[in-house]
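What follows is a single structure, written as structure tokens, with notes after it.
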Amino acid sequence: MICRKIYQGKLRNSALRQTIFRWFQSSVETPVTPVTSTVCSGKRIQSQLHFLRNYTTPFCSYTKSNASFTLRGCGFSTQAALDIPVGGIIDIPLAQTGEGIAECELIKWFVQEGDQVEEFQPLCEVQSDKATIEITSRYKGKISQILHVPGSIVKVGETLLKIGVDEILDPTETYDASEKMTSVESDFSDTSDISSVPEETKMGGVLSTPAVRNLVKQYGLDINDVPATGKDGRILKEDVINYAMQKGLINGAPACAQQKLSEVSPLIGGGYEDKTLQLRGYQRAMVKSMTLAARIPHFYYVEEINCDALVDLKTSFKNETSDPEIKHTFLPVLIKSLSMALTTHPMLNSRFSEESYEVILKGSHNIGIAMATPNGLVVPNIKNVQSLSILEITKELSRLLNCAKINKLSSDDISGGTITLSNIGGIGGKFGSPLVNSPEVAIIAMGRIQKIPHFAEDGNVCPASVMTINIGADHRVLDGATVARFCNDWKKFVEKPDLLLLHTR
């Protein structure tokens, strides 16, 4: 820190500077090859130490009696020396994965003890309240010890595993300054050959992980004969197991399948023993959010919407679309019409701050969609709906659904919502009573569309496709009249979708 202040010119006391220089003189020997002005163009202080202010080559070196120092970049930081691995064994902690995240659930390991790993190779997968994240290695080395098993809750900063680093900086090793200059020049001339990401681990010309290679060796197979189903021809663990079963090396189902069968069999056999389930991931997040929602004074506004025009519009979209990847549903039109109504009723697209008693009117319509997944309830949101077409909303909704199914939603997908839609009618039920997703101030539950007898304006009875909606609102911010006027406008856009054309920008 003192050296950094000297370099930055912030240490003005000349007496203190001279004292520090004398200390460096007593502890730093003259370099084997002096660093001349062609190496560092800066002001030379004393005869044995250079503090650089403006130099053209980002390199300077000097040799101590028991250490070798190298300066790169535009500053001198003692922190860099603290980051150098010492002792060969490195602790890999769980880093901060997002704002407010204190712990994560360990989902699975990609490596085993004894495996060799490269820089940036995935080590494990963890899940926070907000997203699923892959933890990668910062070092090249060998897995020394794994400290947690899948399903464990790991605190931020807690050690996940230990890695034996292959190359440790030898503190007694010194280099000739001329050799260092050669390496620096080659660094600048060969920058195009430098890659920050190592190549994928290969065996026999086939992509595979160390765990898969070990499994291949256990069964005595040739990895080149195993059919690959992974991305870019990667061989997965399931590929090896399936191939071993075809060769008759495995009798019966794999161990993982047998384990799942053993978990289900007591229920099939009529067992009535109690079972304790740990709430993890999205389920833990739901506990927190619903606990907050219980403190909010809710009021509800129920309305029926005639969806005859919406049904016809969906049929028209299906007939005009030739892309099999696009699946048209009612939801994208409902989302777009909701955004149209929010434009004239911004209070429902807001967030409430209890501490400051402020309501923040959000400029973007980030409409959240509640989704039931195998891992629990999650609410990703479609960003900037006011600027998207119905087709763009359809594609983004499909992407979020696919990511939610495989537990690959990012923290950006889940955060930043301004209002939420809960399509409970997709499963069943006429309507629900949803709870506000704080700090949002409104949520809408939509029941299923059903055919019912309906009186037309001329008094005749005719069938109509009707959907019941229930708007849950934070009564600290929204009153009944505001919600009713908003609902009337949204209902108008849904029942007459051609009006969307008049208001689309």
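Quick notes
- Restricting attention to region 144-156 and to residues that are farther than 18 Å from Ala95 by Cβ and not hydroxyl-bearing (Ser, Thr, Tyr), the residue that is least open to solvent (accessible area, probe 1.4 Å) turns out to be Gly151.
- Condition met for Glu457 (acidic (Asp, Glu), within 30 Å of Gly98 (Cβ to Cβ) and assigned by the TED database to the domain that holds Glu355): no
- Filter pass, Leu361 being open to solvent by 70 Å² or more (accessible area, probe 1.4 Å) and touching a strand residue (DSSP E or B) at 6+ places or on another chain (Cβ under 6 Å): yes
- Checked against the criterion of being assigned by the TED database to the domain that holds Ala309 and either among the basic types (Lys, Arg) or part of a helix (DSSP H, G or I) (or both), the candidates Val359, Val333 yield just one match: Val333.
- Every condition in (1) assigned to a loop (DSSP other than H, G, I, E, B); (2) assigned by the TED database to the domain that holds Ala473 is met by Leu279 except one, and the failing one is (2).
- Helices (runs of 4 or more DSSP H) contained in region 392-505 and holding at least 3 residues open to solvent by 50 Å² or more (accessible area, probe 1.4 Å) and farther than 27 Å from Tyr300 by Cα: 499-503
The values are calculated or read from the model by the stated rules, or taken from the named source; none is laboratory data. Please read all numbers here as calculations on a predicted model, not as lab measurements. Backbone-built Cβ (ideal geometry, glycine too); neighbour counts: all protein chains shown. Ligands, DNA and RNA are stripped out before the accessible areas are found, and what is left, the full protein with its side chains, is counted by its heavy atoms. Shrake-Rupley method; radii C 1.70, N 1.55, O 1.52, S 1.80 Å.
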